[in-house]
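Since the structure comes first, as structure tokens, the remarks are kept for the end.
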Amino acid sequence: MHPLTPTLTPAAEAAPGPLETATLAIEGMTCASCANFVERALKKTPGVQSAQVNLATEKATVAYTPGLADRARLKAAVEAAGYQVAEAAAPLAATQAATTEPLGTTDEELDTRRALAYQHLKRRFWVAAGLAALIMPLSMLMLWPALMHRVPEPALNYGLLVLTLPVLLYGGREFYAAAWRGLRHGTASMDTLVAVGTGAAFLFSLAATLAPGFLRQHGILPAVYYDTTATIIALILLGKVLEARAKQQTTAALKALLNLQAKTARLVQPDGRELDVPVADLRPGDLVAVRPGEKVATDGELVEGFSTLDESMLTGESLPVEKSVGAAVFGATINKTGAFRFRVTKVGRDTVLAQIVQLVSDAQGSRAPIQRLADRVSGVFVPVVIGLALLTLVGWLVLGPAGTRLPLALTAFVSVLIIACPCALGLATPTAIMVGTGKGAEYGILIRNAEALEKAYQVDTILLDKTGTITQGVPALTDLRPLFGYQAADLLPLLAAVERQSEHPLAAAVVRYAEGQNAAPVPATGFRSVPGQGAAATVQGQAVLIGNERLLREAGLALPAEARQLATQLLAQARTVLYAAIDGEVAAVLGLADEVRPTSAAAISQLKKHGFTVIMLTGDNAHTAAAVARQAGIDQYFAEVLPQDKAAKVRELRAQGRTVAVVGDGVNDAPALALADVGLAMGTGTDVALAAAGITLLRADLHGVATALALSRQTMRTIRQNLLFAFIYNVIGIPIAAGLLYPATGWLLSPMLAAGAMALSSVSVLTNSLRLRRFKAPA
């Protein structure tokens, strides 16, 4: 079976009752608190079983019961929380099968809208930055007394007011609008902090500009803070611009996968003419022609011609794969040599590429358990910060030095509101998950969800199934030992002629070997299959027998000593032994085996070098298991293990405190894959194995296991760094902004510095996550 043949459809998690899953593109979220509010609003909707909102992807994934809830009700719940839903094409996966619901706007249109929003954000930033660059020096004219005497203070303040208003009403408009929506719906977010902080500074400045005498009568110095207001808004917008740019880079891997798809196909008409048509126009059953150097348009079966295809963009396998009539071909792969035609079998969302893209997208939108603490904190973060800011204001007004209490109180109040950053908490985990899962796809590793990625980080013991995982999974002729007086080159065409008539897997191995040796095909007559023993036929006038010892015995043939000696040697190497006889005389001994993959020994050595305990499980006898373990470099193995015993072995190891990963490919591996802490399914495996696994390796190579575990470790390390930075930043930044250092140093944090720190905190988390793009597979 080809590594890409199994269905990779990411069906919804099994749940009681007929659930459907909807993906909503949320607009208006600016921080983790926003995501928290949207999620709570969706969870409260009748009929909703679960809801996850991802700040980094700006999407909500909702599982709901049809009839009790629908997209309209979900959209209404989001809007009732003060946010918007941008309709986009999204799959609805029922628990039994995936379906598709037509929506208003395509994903491409969503990307276009986001690109326009990004351009608008940049314009707002440049307007705010340009005006702040004028406001700042004008606010410092007191440093030049000669200029201060020429410019009346009231006129200067009115001038600063005129320059600040566009910053406030254009550059900062979204902050105030979002804060107002939040107030109406009883929620608070980062926008609330920015709006209250800058609004307080602006309103005090406005009062000082319009009624300076009134303030002086009450003993308050009519100072203005227009520079603070404008600079804070400009710096926060700068952070937003950098954050938006970094977010675009976190989805680069997913966009690269989407861009692999061919745009047109060469459709073969009934009269034989070839016509270029859009790929979207193809339907199952269409005949498509592919020339050298072209992309395969969609999935299908090769029906005419021969070629080699580059499948590295899907599997990570750098070597081209040979394709002949009957072979499966996949959309987005590149035809290297030869022209061929194929019959379309799958189009659109049913293709392997589309399923890979959907799996990666789902994984990027999933939530890792490590994120729970950040979610709990972000749920109460903004109200707590507002409370701390008010305490700071009151504290300074009561305890501050006489004569400077109000300016110091206002400065500290604004700084506390501005420096607090729930965004860094909200972005710490999902951005790293997005980059990590995208990087995995580049290596042919499909991670089903963030939980699998986090669990893989803790793995210390790896259980490997033998057949199809360590070995090729199909028998191969490894030894053809002619007896004295016979030549292998003469025997091989005769044996292959008999075995071509048989459907037995061992017969197919002999035929494949003959074809690999370029043995000339010859006809056979009088073919007779003997179940459980072998086959017989007449080839070129000679009576040929090939099978086990029982076949020869019942044909009245005795094994000579030479044949017995060769058979003993092969059995010691865990080979299946067949005998060949020509015209009533034993002529050769054949050894067949499910060979160890060429890369298995090196991959297992690599896993052991990185500290993993590697154990092989197999249903084969102890003799065969020992031989395979020796070839693969495995020290521990368990033979004659039934499928239910594999699951019991996983349970036993977990009871010992080990974190267990199981790597398998067959139906008999599914219970162990499901019970393991992490299940890794080889892409050559069955649908049952793939469904039970959290990680799928598209390439039949155990090096993918080492790469998946290394990627998991690097991703989790990045997440921990992000969360540690986000927590430490807020724990240290807020007390300093409140004036913790003022009694000892006389230094109070400027609101402008607070704004710069807040903007950089989110960007720092995103930049750290983007370092995962430099991940390299372990050597």
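The values are calculated or read from the model by the stated rules, or taken from the named source; none is laboratory data. Note that the structure is predicted; figures quoted are calculated from it, not measured. When we count neighbours, we look across all protein chains shown, and the Cβ atoms used for this are built from the backbone with ideal geometry, even at glycine. These area figures cover heavy atoms from the full protein model, side chains too; ligands, DNA and RNA do not enter into them. Shrake-Rupley method; radii C 1.70, N 1.55, O 1.52, S 1.80 Å.
Mind sorting out which of [x] 29; [y] 39; [z] 51 is the real percent of Cα pairs over 54 Å apart computed from the coordinates?
Correct label, based on the coordinates given: [x].
Using a 1.4 Å probe on the protein heavy atoms, what percent of the accessible area of the chain belongs to carbon and sulfur?
Ligands and nucleic acids excluded, carbon and sulfur give 59 percent.
For Ala744 and Gln458, what is the calculated FRET efficiency with R₀ set at 35 Å and r taken between the beta-carbons, to the nearest 0.05?
Plugging the Cβ-Cβ distance into 1/(1 + (r/R0)^6) gives 0.20.
If Leu425, Leu210 are ordered by their accessible area, calculated over protein heavy atoms with a 1.4 Å probe, which sequence runs from highest to lowest?
Working: Leu425 5, Leu210 105 Å².
From most exposed to least exposed: Leu210, Leu425.
For Thr264, Thr187, Thr209, write out the residues from largest to smallest accessible area, computed with a 1.4 angstrom probe and no ligands counted.
Correct descending sequence by accessible area is Thr264, Thr187, Thr209.
Gap in Å between the Cα centre of region 743-779 and the Cα centre of region 538-595?
73
How high is the relative contact order of region 454-528, given as a whole-number percent (alpha carbon pairs under 8 Å, six or more residues apart)?
Computed value for region 454-528: 29 percent relative contact order.
Taking amide H positions as placed 1.01 Å from N in the peptide plane, with prolines and chain starts having none, which residues 5 or more places from Asp479, or on another chain, fall under 5 Å of its amide H?
Counting only residues 5 or more places away or on other chains, the set is Gly591.
If you consider only alpha-carbon coordinates, what radius of gyration and Dmax does region 31-75 have, in Å?
10.3, 32
Based solely on its DSSP helices, what 222 nm [θ] is calculated for the chain when runs of n ≥ 4 H residues each add -39,500 (n - 2.57) and the sum is averaged over all residues, nearest 500 deg cm²/dmol?
Mean residue ellipticity at 222 nm (helix-derived): -15500 deg cm²/dmol.
Whenever you get a sec, line up Glu503, Glu174 from highest to lowest accessible area (probe 1.4 Å, protein heavy atoms).
The most accessible residue leads, giving Glu503, Glu174.
Mean Kyte-Doolittle of at least 1.6 plus a Cα span of 18 Å or more along the axis: flag which DSSP H helices in the chain meet both, please.
Once both thresholds are applied, what remains is 372-399, 405-419.
Amide H of Glu304 versus every other amide H placed in the peptide plane: which residues, excluding those fewer than 5 positions away on the same chain, fall under 5 Å?
Arg341
Hey, what's the chain come to in accessible area per residue, 1.4 Å probe, Å²?
Here the per-residue accessible area is 43 Å².
Non-local amide H neighbours of Thr659 (under 5 Å, H modeled in plane, Pro and chain starts lacking H): which ones?
Asp460, Thr461
With an 8 Å cut-off on Cα pairs and a minimum separation of 6 or more residues, tell me the relative contact order of the chain in percent. Spell out each step's value before the answer.
Details: 1546 pairs, mean separation 108.8, N = 779.
The value is 14 percent.
Given the peptides 301-310, 20-29, 542-551, arrange them by the average over their residues of other C-beta atoms within 10 Å, most packed first.
With the highest mean Cβ count within 10 Å placed first, the list reads 20-29, 542-551, 301-310.
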